[in-house]
Amino acid sequence: MAREKDADGTVRGKPAHHPGAAEAPTRAVVIVPVLTRQPRNDDDTSRPRLTRSAEARHDEAVGLARAIDLDLIHTAVVTVNDPRPATLLGSGKVEEFAEIVKEGHAEVVIVDHPLTPVQQRNLEKEFNAKVLDRTGLILEIFGERARTKEGTLQVELAHLNYQKGRLVRSWTHLERQRGGAGFLGGPGETQIESDRRQLQEKIIKLKHELETVRRTRDLHRAKRKKVPFPVVAIVGYTNAGKSTLFNKLTGAGVLAQDMLFATLDPTLRRVRLPHGTPIILSDTVGFISDLPTHLIAAFRATLEEVVEADLVLHLRDISDPDTAAQAEDVERILADLGVDAGDTKRVIEVWNKIDLLDEGNRHRLLADGADGSKEPPIAVSAVSGEGIDVLKAVIETRMAGELQDLTVTIEPAQFGLVDWLYRNGDVVSRTDNDDGSATISLKATQSAREEIESRLRRKNNG
């Protein structure tokens, strides 16, 4: 074992590195604290916040840890009746987990709960291992998933804002001071002040870079508006199947795995709906419960695709036992972005993974969803394709209006329109007349009908 000394003087064991040897996965312990009294951190008292089951929280925390390939040697749910300001957990539990970490040679401890800087520092000393709270873990995942320059900048900005709050006096070297000018210049700035200043300078620089990216995205959005294709954004809790649905609707090859935060960077594709209506479909980063405010702020440039969208598909994993709590979390984040999830003209609720339910649960859920109090959800399976045609039809109706019956006569000089009619309508019959004209009966959306009539007028006037 090679040994190295931390900044605070702690000596830790570390496996010696052998050139050419595969790096072993980092060993980790996952702790899920469940507080018996949950404090409210928002002003919405119109409805109680849904309580997530301890089992679901445990499974999600394990999924988050495995998303960055940690080797989990121990996981546990811990009931916390009286949160300790110094360590969150009680002293007995801290000692118990310290022993588990030591015996299992764990290098990382994940605490699935927000930790104050002091709590994180104290737990690291007790466990003699790196401690990550929920926010830190999500940032680690985002850092691995970011592929575009914009995504990388957003993750780095969020990480620096998070790190700025973690600068506490954990190490003795932070107490050193840099001398001021001359004998009367004062003590100068401490190392911790210098670190904070450097972090702030990096944050300002990143914000400027992101602002440049945002302006570029605004230009692209302005260009799209000149060619008025409506934008449809898919949002939902992480792992709800957004990328799988995106691929099913577009034929794209976006990464789609049974993994939390498999997709981070936004993807846009042009799609032509069954009756010819063109749309731009947008796949965005998944939402998750207790997403920190500064993380939402960092990703605001990406999430502006949702804010600017003409239609939002709120995708839910209806097979998940905690689907109601997940939906509430998504609705809260949408509200932070200024999108009202209750606006049925703009938001369509889509229930995914319907194929994973047995017939009894499926009928019960669909009956509950169609209770008449709001627009019934659309049940789909992004994997099998069940319900996808219905979803496309609903999107097209929202974007272009209801289908209408239409009969037009195309003169010989107007035959250039025939191909357009077949691509943008559902042709029912065609009769070729003796004078060379053709009478075509078709079903078309309201917007397609208006476009057909406009094109015929232009041809006649020409």
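Key figures for this structure:
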{"item": "Difference of contour (0.36 nm per residue) and Cα-Cα distance, E211 to H74", "result": "45.1 nm"}
{"item": "Local electrostatic count, H275, Cβ distance below 14 Å [Lys/Arg +1, Asp/Glu -1]", "result": "-1"}
{"item": "Net charge, E55 excluded, C-beta distance under 15 Å - Lys, Arg +1, Asp, Glu -1", "result": "-3"}
{"item": "Theoretical gain in end-to-end length, T148 to N81 [0.36 nm per residue, Cα-Cα removed]", "result": "19.8 nm"}
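Values in this text are rule-based calculations from the coordinates and carry no lab data. Note that this is a predicted model, so its numbers are computed, not measured. Note that each Cβ is placed from the backbone with ideal geometry, even for glycine, and that neighbours are counted across all protein chains shown.
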